[in-house]
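**Student:** First the structure, then my questions, so here it is.
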Amino acid sequence: MILSSLLRIIFFLACAFTTMPCQEFVQDENNYYLQCDSNNCANYLGSGKWMAYSSFNAQVGHLDDYRWEKLPVHTTSGRYEFPYVRPTPQHSPWNITMSIRGRNDASIVLCEGVNPFNSGCYWIILGGWPNLNRIGETNVIRKCVNGVPIKGFPKDECKTKRDQYKGWSLSEKEWKHASIHWSKSNESAELLVTVQGIQKPILHFVDRQYLDIKYVSFRSMNMELQWRVHEYQFWGTSSNGSSLISREFQPKSKNLCLSFFYSIPTAVGLSSTLTMQASNRAGLLQHLATFQNKQDDTINWKYAQVLTTREYWDYIKIMFTVHMEWEDQSITSDPRQYVFGVDSIRGCDPKGDVRTLKLQSYRSQVTGGDPPSCQLLQKSQLTLKPARPNLNSNSRN
């Protein structure tokens, strides 16, 4: 305890004398006795058809919370190469969300081969031509069947703008989100681009002679850009009535506080419910919370904290159970389309999450030395105060 206090004093003294502190969520391991993060769900067992889903394959929103801070930062130098190449999901539809920070000209390519210069690609340019448009940068989709140019102007059919939108810009002062949605059928493929701050897609292209996309890559033109790809895993299910069950543990105090993120599928005529319960060794259940989709709801991740109190806790398991019901029972759909998601399940301090300062040494011609994670997102969890249901109970099972 003395050593821990001394380390905290030294840490905050160090932060006081730095000019570039970077805020980051820090866990107190004594409080976070139950953990299930996107990449570490060893404490949980799936029941029914719960499984690890990729953010690329499921209809979930982008990260705008502390999980975003853990995404790696990729830097493109503006030297025309494509340093980041990743295989796309094998099954359609899929989504890729990126956070981009820099002045302009972000190039994203979806290609048939690993080399964008000699394989067929869809070429998406965000924040292009900043000095030519008074109303803002131009955003475009191009189709380049023979590959994108290494530098210079595109030629032949690659010159054609399949769709364009003027007025949405990048920024070197803050991160901007952009999401790419790809779906295909036997007849055609559809490419959509949505961006932060605009509800409808800004770019839309339907191709009846579509390319066989297998890779995604990005680069910047003549300047440095920073990128964060929202690639992560979470527990999810599309199976009605299935449960996600934790391994057994015993709360360390009479206050049981759990925090987590959840995503509930939404569709016209669909009622979705996520129920949270605690079960003791005798099999007795205690209801903890219920979360339902609303008429105007979205698929974005929602943050929840559940706090319940009893004088004594047996060893318990936590259960998340899902339920879906259509108003029209004849409706059938692809089960991958509607997915319940649960992520970052952990114990919490009833007084609130701890956030401290962390030193980072980082320099960039884009940010002028500002660590990239320090910039707040549009919806920051720094000020998030989740609603807590009144669940206090001193009764024993």
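**Student:** For residues that are at pLDDT 85 or above and either of a type in the set (Lys, Arg) or more than 19 Å from TYR262 (Cβ to Cβ) (or both), tally how many sit in the stretch 48-82.
**Tutor:** Number satisfying all stated conditions: 8.
**Student:** Right, here's the next one. Confirm whether ALA304 is open to solvent by less than 40 Å² (accessible area, probe 1.4 Å) and of a type in the set (Gly, Ala, Ser).
**Tutor:** yes
**Student:** Only one of SER263, SER242, SER271, SER246 is modelled with pLDDT of 80 or more and open to solvent by 30 Å² or more (accessible area, probe 1.4 Å). Can you tell me which?
**Tutor:** Selected residue: SER271, the only one of SER263, SER242, SER271, SER246 that is modelled with pLDDT of 80 or more and open to solvent by 30 Å² or more (accessible area, probe 1.4 Å).
**Student:** Inside the stretch 283-298, can you point out the residues that are open to solvent by less than 50 Å² (accessible area, probe 1.4 Å) and either modelled with pLDDT under 85 or not assigned by the TED database to the domain that holds CYS257 (or both)?
**Tutor:** Residues satisfying the conditions are GLY283, ASN293, ASP297.
Table: residues versus (1) open to solvent by 80 Å² or more (accessible area, probe 1.4 Å); (2) among the polar types (S, T, N, Q); (3) under 30 Å from the mean Cα position of the chain (by Cα); (4) within 22 Å of PHE82 (Cα to Cα).
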position: LYS155; (1), (2), (3), (4): yes, no, no, yes
position: LYS159; (1), (2), (3), (4): yes, no, no, yes
position: TRP168; (1), (2), (3), (4): no, no, yes, no
position: GLU172; (1), (2), (3), (4): no, no, yes, yes
position: LYS176; (1), (2), (3), (4): no, no, yes, yes
position: SER179; (1), (2), (3), (4): no, yes, yes, yes
position: TRP182; (1), (2), (3), (4): no, no, yes, yes
position: SER185; (1), (2), (3), (4): no, yes, yes, no
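**Student:** Check whether at least one residue in the stretch 143-157 is modelled with pLDDT under 90, basic (Lys, Arg) and within 24 Å of THR75 (Cβ to Cβ), and report yes or no.
**Tutor:** Within the stretch 143-157, one or more residues are modelled with pLDDT under 90, basic (Lys, Arg) and within 24 Å of THR75 (Cβ to Cβ).
**Student:** Considering ASN139, ASN104, ASN146, ASN118, which residue is part of a loop (DSSP other than H, G, I, E, B) and in contact (Cβ under 8 Å) with a residue 60 or more places away in the chain?
**Tutor:** ASN104
**Student:** A follow-up question, please. Any residue in the stretch 177-203 that's within 20 Å of ASN104 (Cα to Cα): show its pairings with residues that are among the acidic types (Asp, Glu) and modelled with pLDDT of 90 or more at Cβ separation under 8 Å, as long as the two are six or more apart or on different chains.
**Tutor:** What qualifies is LEU203/ASP163.
**Student:** Hey, PRO89 hits all of (1) at pLDDT 60 or above; (2) buried (at least 21 other Cβ atoms within 10 Å of the Cβ) but one; which does it fall short on?
**Tutor:** Result: PRO89 fails condition (2) only.
The values are calculated or read from the model by the stated rules, or taken from the named source; none is laboratory data. Note that the structure is predicted; figures quoted are calculated from it, not measured. Here Cβ is always computed from backbone atoms with ideal geometry, including for glycine, and neighbour counts include all displayed protein chains. Accessible surface is based on the protein model in full, side chains and every heavy atom, while ligands, DNA and RNA are left aside. Shrake-Rupley method; radii C 1.70, N 1.55, O 1.52, S 1.80 Å.
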